[in-house]
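Q: To start, I am sharing the structure in question, which I have written as structure tokens.
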Amino acid sequence: MSEDASSMRQLRIPTRLRGVDPAVATAFGCIILLLLAGSIYSPNFLSPDYLLQQLKVASFLGVIATGMMAVILLGQIDLSVPWVVTSGAMMACAATAYGTTGSVLAIPFGIFCGAAIGLVNGLAVAYLRIPSMIITLATNAVAQGLMVVYTGGFSPQDSASPAMRFLATGYTIPGLPNGVLVWLCVGLAAVFMLTRTTFGRSLYAIGNRERAAYMSGIDTRRITLLAFVISGGLSALGGVLLAGYASKASQSMGDAYLLPSIAAVVLGGTHVLGGKGSYLGTVAGVILITLLQSILSVMQIEEAGRQLIYGAVIIGMLLLYGRQKPA
Amino acid sequence: MNKHASGDRRFWYAQQKGTLFAALLFVAMFALYVSNHPAGFTPNVVQTASNKATLLAFVAMAQCLVVITAGIDLSAGMVLVLCNCLASWLVVGTPLQTGVGVVVVLLAGLGCGMLNGLIIIFGRLQPIVATIATSAIFYGLALLLRPTPGGSVNEDLADAFTSKLLGVVPASLVVLLAVIVVIWVPFSRSAIGRAAYAVGSAENAAYMSAMPVKRAKLTAYALGGLLSAIGGLYLTFFSYTGEAAFASGNAYTLYSIAAVVLGGVSLAGGRGSAVGAVFGALAFRTIGDLLFVFDFDPLWQPLFQGVVLMLAIGIGCIGLSRVRNRLEWFQ
């Protein structure tokens, strides 16, 4: 994308839309396209019930992708998502087994465990300068090991606390599932954090050039640490929601969330090497992936076909707008 | 003259430090393993250990080739699974049919690697995301081939490749050595291979020096696919079936990264060798097996493996204490 091309494009689009990131616009365009394509297959795809149901399913991925985005903006990556999600869910369920106090503390305890794993990641990446791709892989293995030892290799018997179930499946506002509400709160907080706080701006600065950020007085190590703690905590929150939704935790419940969360962030126009991206894009990416998975399963395409189309669509969309500048 | 030789030696040492560390780690771990094994150092123990470890060693070599160019291949495990499924259809029947089947499986792996390379180089996508997406495609293809586990393999061939040569040397180890000699040594010594290293350490500089940047990257990805395919063939030889197992594909990908790191290959690119990666894989597998000889509950295995992995990584950051200027943190 050369300078000429972008200035040409600016001439054609109305002033109101000039601030819109082309990646985010494309992602939302693809969502509409998907819905239209789905509605040709069955008119149910445009019904409010179906859309709300999709939003509810998307909220789990949305919460997890929010944490992933903070880390990707730094130019790092968090591969410990699968077992942080599972640990969060299992620990929250485990706390529930300890009477009333336990069940009150279940949700904070689950999130705390996730944040603790995130803290290990952050310390290693920020202070020991270990590449995030390796250390998060190792903490993932350790978290898995801890959970396997704790559960004895079986799905734990503890079930989710009523509060967790309420958080995932209840309705505080009629018609709006609580899961979506949680995602909304997390999302609003993320938007505020990314655009209105020094922490958020520092994330972008470090992602662009950590050396320059350090020279301009940002405590880059503290910011990196915080980003990983946030990612861990949000992954665990995602796990807590999932456990509430299924009313129990299970082994490998988090496996299905690592790659989609990275894909959602990147499809939303966030640069995978950091420093560029908006939360709106991540929202678009999350909805896009959830819709794609849902439409493929509604069309009763077999798992094999679903995976094929899923992979091809991600590559196709990235080719549309995720390309790097030519060397 | 003497000075020259010692300089050469120091250069060689600096180049091979990671590989030597991995080899030492493996020898130490394996000695510990064998000395505590009830059967002791017998051909059978070595055969079982080497059969288990070669699978990971092939995928680790595949990962290593790509990592040297500063890329990453998150689809390596899925290529292995896909080739396992393909082999369970094709590597059967008469010797001729079996032979054709093996060639087709290897070509399929090469094709998968090439697809990765083409998308990354000409589509200009980030390797992490692009290979995540292609791994979904490969898994989909594997599921198409084997919706349920099944199939078979030419058992004579399978037994030949997993047995002991002359009753002593495990055949899998010989094959591993042959693959290193046939694929890695020519690659690392060719102009393309040197270009792959150059691309890994400074892509712009390599481009400016008129090195075949694109060809080097494409070769690395394609050979990576081929090596994963050999791994897939071997998986079929052990299991006699094909299975599109999502979890095991992902595990191979993640373990291959771990093995590469243990083997002293820098994830930033341009440093390390496939021999190191192979030793990393062997060491990683031996660590997993250590628990059994010490009579621990198998439940502790994942935790133990994770902790050892973490410690091995921790050793890598000792260099940090030598940094004189804080700005060197941000390379």
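Conditions tested, residue by residue: (1) touching a residue at least 12 places away in the same chain (Cβ under 8 Å); (2) farther than 27 Å from residue B:235 by Cβ; (3) in contact with a Cys (Cβ under 7 Å, 6 or more places away or on another chain).
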| position | (1), (2), (3) |
| --- | --- |
| B:10 | no, yes, no |
| B:19 | yes, no, no |
| B:25 | yes, no, no |
| B:30 | yes, no, no |
| B:37 | yes, no, no |
| B:42 | no, no, no |
| B:45 | no, no, no |
| B:49 | yes, no, no |
| B:67 | yes, no, no |
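Q: If I filter the range A:287-304 for residues that are modelled with pLDDT under 90, within 7 Å of another protein chain (Cβ to nearest Cβ) and either surrounded by fewer than 20 Cβ atoms within 10 Å (Cβ to Cβ) or at positive phi (or both), do I get at least one hit?
A: Yes, the range A:287-304 has at least one match.
Q: Tell me, yes or no, whether the range B:131-149 has at least one residue that is part of a loop (DSSP other than H, G, I, E, B) and either closer than 22 Å to residue B:54 by Cα or in contact with a strand residue (DSSP E or B) (Cβ under 9 Å, 6 or more places away or on another chain) (or both). Steps first, answer last, please.
A: Of the range B:131-149, the ones part of a loop (DSSP other than H, G, I, E, B) are B:146-149.
Narrowing the set further to residues that are either closer than 22 Å to residue B:54 by Cα or in contact with a strand residue (DSSP E or B) (Cβ under 9 Å, 6 or more places away or on another chain) (or both) leaves B:146, B:149.
Checked against the condition, which is being part of a loop (DSSP other than H, G, I, E, B) and either closer than 22 Å to residue B:54 by Cα or in contact with a strand residue (DSSP E or B) (Cβ under 9 Å, 6 or more places away or on another chain) (or both), the range B:131-149 yields at least one hit.
Q: Taking the range B:227-271 on its own, how many of its residues are buried (at least 24 other Cβ atoms within 10 Å of the Cβ), of a type outside the set (A, V, I, L, M) and in contact with a Phe, Trp or Tyr (Cβ under 6 Å, 6 or more places away or on another chain)?
A: The number of residues fulfilling the criteria is 4.
Q: On the phi > 0 side of the Ramachandran plot and among the hydrophobic types (A, V, I, L, M, F, W, C): is that true of residue B:166 in this structure?
A: Working: on the phi > 0 side of the Ramachandran plot: yes; among the hydrophobic types (A, V, I, L, M, F, W, C): yes.
In short, yes.
Q: Looking at the structure I just gave you, is residue A:309 of a type outside the set (Gly, Ala, Ser), under 22 Å from residue A:57 (Cα atoms), modelled with pLDDT under 85 and out of contact with any Pro (no Cβ under 8 Å at 6 or more places or on another chain)? Steps first, please.
A: Numbers: of a type outside the set (Gly, Ala, Ser): yes; under 22 Å from residue A:57 (Cα atoms): yes; modelled with pLDDT under 85: no; out of contact with any Pro (no Cβ under 8 Å at 6 or more places or on another chain): yes.
No; evaluated as a whole, the condition is false for this residue.
This table checks each residue for (1) buried (at least 24 other Cβ atoms within 10 Å of the Cβ); (2) at pLDDT below 90; (3) over 12 Å from the mean Cα position of the chain (by Cα).
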position	(1), (2), (3)
B:57	yes, no, no
B:66	yes, no, no
B:71	yes, yes, yes
B:84	yes, no, yes
B:94	no, yes, yes
B:104	no, no, yes
B:112	yes, no, yes
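Q: Continuing with the same structure: Restricting attention to the range A:51-60, does a residue exist that is in a helix (DSSP H, G or I), touching a strand residue (DSSP E or B) at 6+ places or on another chain (Cβ under 8 Å) and of a type in the set (A, V, I, L, M, F, W, C)?
A: In the first step, residues of the range A:51-60 are kept if they are in a helix (DSSP H, G or I); the result is A:51-60.
Applying the additional criterion that residues be touching a strand residue (DSSP E or B) at 6+ places or on another chain (Cβ under 8 Å) yields A:52, A:55-56, A:59.
Remaining after also requiring of a type in the set (A, V, I, L, M, F, W, C): A:52, A:55.
Yes; the residues of the range A:51-60 include at least one that is in a helix (DSSP H, G or I), touching a strand residue (DSSP E or B) at 6+ places or on another chain (Cβ under 8 Å) and of a type in the set (A, V, I, L, M, F, W, C).
Q: Would you tally the residues in the range A:144-184 being under 21 Å from residue A:112 (Cβ atoms) and outside any helix (DSSP H, G or I)?
A: 5
Q: Quick test of your reading of the structure: residue A:309 fulfils all but one of (1) over 16 Å from the mean Cα position of the chain (by Cα); (2) within 30 Å of residue A:147 (Cα to Cα); (3) of a type in the set (A, V, I, L, M). Name the failing condition by number.
A: Residue A:309 satisfies all of (1) over 16 Å from the mean Cα position of the chain (by Cα); (2) within 30 Å of residue A:147 (Cα to Cα); (3) of a type in the set (A, V, I, L, M) except (2).
Q: Look at residue A:281 and say whether it is part of a helix (DSSP H, G or I) and under 15 Å from the mean Cα position of the chain (by Cα). Steps first, please.
A: On the way: part of a helix (DSSP H, G or I): yes; under 15 Å from the mean Cα position of the chain (by Cα): yes.
Spelling it out, residue A:281 is indeed part of a helix (DSSP H, G or I) and under 15 Å from the mean Cα position of the chain (by Cα).
Q: Also, quick follow-up: Among (1) surrounded by fewer than 22 Cβ atoms within 10 Å (Cβ to Cβ); (2) in contact with a Cys (Cβ under 6 Å, 6 or more places away or on another chain), where does residue B:185 come up short?
A: Failed condition: (2).
Yes or no, residue by residue, for (1) over 30 Å from residue A:315 (Cα atoms); (2) in contact with an Asp or Glu (Cβ under 8 Å, 6 or more places away or on another chain):
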{"residue": "B:134", "(1), (2)": "no, no"}
{"residue": "B:142", "(1), (2)": "no, no"}
{"residue": "B:146", "(1), (2)": "no, yes"}
{"residue": "B:149", "(1), (2)": "no, yes"}
{"residue": "B:156", "(1), (2)": "yes, no"}
{"residue": "B:159", "(1), (2)": "yes, no"}
{"residue": "B:170", "(1), (2)": "yes, no"}
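Q: Any idea which of A:227, A:213, A:189, A:141 is within 13 Å of chain B (Cβ to nearest Cβ), modelled with pLDDT of 90 or more and either part of a helix (DSSP H, G or I) or in contact with an Asp or Glu (Cβ under 7 Å, 6 or more places away or on another chain) (or both)? Reasoning before the result, please.
A: On the way: A:227 fails: within 13 Å of chain B (Cβ to nearest Cβ); A:189 fails: within 13 Å of chain B (Cβ to nearest Cβ); A:141 fails: modelled with pLDDT of 90 or more.
Only one candidate qualifies: A:213.
Q: Still on this model: How many of the residues making up the range B:285-307 are free of Cβ contacts under 8 Å to residues at least 60 places away in the same chain, under 19 Å from the mean Cα position of the chain (by Cα) and more than 7 Å from chain A (Cβ to nearest Cβ)?
A: Applying the first criterion (free of Cβ contacts under 8 Å to residues at least 60 places away in the same chain) to the range B:285-307 yields B:288, B:291-292, B:295-307.
Cutting the leftovers down to under 19 Å from the mean Cα position of the chain (by Cα) gives us B:288, B:305-306.
Still in the list and also more than 7 Å from chain A (Cβ to nearest Cβ): B:288.
Number satisfying all stated conditions: 1.
Q: Next question, about the same structure. Give the residues of the range A:227-254 that are of a type in the set (S, T, N, Q) and either buried (at least 24 other Cβ atoms within 10 Å of the Cβ) or in contact with a Pro (Cβ under 6 Å, 6 or more places away or on another chain) (or both), sorted by residue number. So that I can check it myself, show each step before the final result.
A: Step one: list which residues in the range A:227-254 are of a type in the set (S, T, N, Q), which gives A:231, A:235, A:247, A:250-252.
Selection gives A:231, A:235.
Q: Mind checking which helices (runs of 4 or more DSSP H) fall wholly inside the range B:166-284 and carry at least 2 residues that are more than 14 Å from chain A (Cβ to nearest Cβ) and at pLDDT 90 or above? Explain how you work it out, then say what you get.
A: On the way: elements: B:171-179, B:185-189, B:191-201, B:203-208, B:213-239, B:246-262.
Fully inside the range B:166-284 and qualifying: B:171-179, B:185-189, B:191-201, B:213-239.
Q: Also, quick follow-up: Filter the range A:196-232 for residues that are without any contact (Cβ under 8 Å) to a residue 24 or more places away in the chain and among the polar types (S, T, N, Q) and give the result.
A: Scanning the range A:196-232 gives A:197, A:198, A:202, A:216.
Q: Further question: Can you tell me which of (1) touching a residue at least 40 places away in the same chain (Cβ under 8 Å); (2) part of a helix (DSSP H, G or I); (3) within 11 Å of chain B (Cβ to nearest Cβ); (4) not charged (D, E, K, R) is the one residue A:251 doesn't meet?
A: (2)
Q: Which of (1) within 14 Å of another protein chain (Cβ to nearest Cβ); (2) closer than 26 Å to residue B:222 by Cβ does residue B:147 not meet, given it meets every other one?
A: Here residue B:147 clears every test but (2).
Q: Considering only the range B:119-129, how many residues are facing chain A (nearest Cβ under 7 Å) and either assigned to a helix (DSSP H, G or I) or within 16 Å of residue B:228 (Cβ to Cβ) (or both)?
A: Selection size over the range B:119-129: 3.
The values are calculated or read from the model by the stated rules, or taken from the named source; none is laboratory data. All values reported here derive from a predicted model rather than from experimental measurement. Note that we place each Cβ from the backbone using ideal geometry, even for glycine, and neighbour counts take in every protein chain shown.
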